[in-house]
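Heads up: the structure comes next, in structure tokens.
The values are calculated or read from the model by the stated rules, or taken from the named source; none is laboratory data. Being a predicted model, the structure only gives us computed values, none of them experimental. Cβ coordinates were reconstructed from backbone atoms using ideal geometry, including for glycine residues, and neighbour counts include every protein chain displayed. Side chains included, ligands, DNA and RNA excluded: accessible areas come from the protein's heavy atoms. Shrake-Rupley method; radii C 1.70, N 1.55, O 1.52, S 1.80 Å.
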Amino acid sequence: STRVITFGTFDVFHVGHVNILTRAHDLGDHLTVGISTDELNHAKKGRYPVYRQEHRSQIVASLDCVDAVFYEHSLEAKREYLLEHRADVLVMGQDWEGRFDEFRDVVEVVYLPRTADISTTDIIHEIKNR
Ligand code: C2G
């Protein structure tokens, strides 16, 4: 059986997130999702997510297409996460194209097209400006 893994923040959960998770699930038999922690977001993006990590992971874990979730504490630990979760396929959106090619020795790496015209950043702006 094929084990798929993907990573993300999944903040202010939207249909682009649904699409990548359902397509990732369809590439195998078991989908594990690494949820980037609040502290990882603060360190890498300079801001905390709108939704705290417990709520983001609870939302993602509730989906039929998701079998397991864990917290991604560090971007540098990706190889350890892939091995720990016995992943066969790593799926990421095309905004990450090429960025995970170094792991092709342990997993198949697949970059999927993003859903057009939707992002957490745009949603935050839309809410601010109404
Ligand atoms: N995504 C998508 N279409 C959108 C928006 C997002 O397909 N319109 C995908 C992204 O390509 C990504 C996933 O949804 O694969 C999660 O996106 P983010 O929550 O923005 O994830 P990010 O903060 O990029 O975290 O180790 C990698 C990081 O944890 C990725």
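Computed quantities for the displayed model
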{"quantity": "Condition met for Leu90 (open to solvent by less than 30 Å² (accessible area, probe 1.4 Å), within 13 Å of the ligand (Cβ to nearest atom), assigned to a strand (DSSP E or B) and touching a residue at least 60 places away in the same chain (Cβ under 8 Å))", "calculated": "yes"}
{"quantity": "Residue that is part of a helix (DSSP H, G or I) and under 12 Å from the mean Cα position of the chain (by Cα), where the choices are Val69, Val60", "calculated": "Val60"}
{"quantity": "The stretch 18-49 - residue that is farther than 23 Å from Glu76 by Cα and either in contact with a helix residue (DSSP H, G or I) (Cβ under 6 Å, 6 or more places away or on another chain) or not acidic (Asp, Glu) (or both) and, of those, least open to solvent (accessible area, probe 1.4 Å)", "calculated": "Gly28"}
{"quantity": "Qualifying residue in the stretch 63-71 (condition: closer than 12 Å to Thr9 by Cβ and either open to solvent by 40 Å² or more (accessible area, probe 1.4 Å) or of a type in the set (Asp, Glu) (or both))", "calculated": "yes"}
{"quantity": "So Arg56, is it within 10 Å of the ligand (Cβ to nearest atom) and in contact (Cβ under 8 Å) with a residue 24 or more places away in the chain", "calculated": "yes"}
{"quantity": "Residue in the stretch 72-85 that is within 9 Å of the ligand (Cβ to nearest atom), touching a residue at least 12 places away in the same chain (Cβ under 8 Å), of a type in the set (Lys, Arg) and in contact with a strand residue (DSSP E or B) (Cβ under 7 Å, 6 or more places away or on another chain) present", "calculated": "no"}
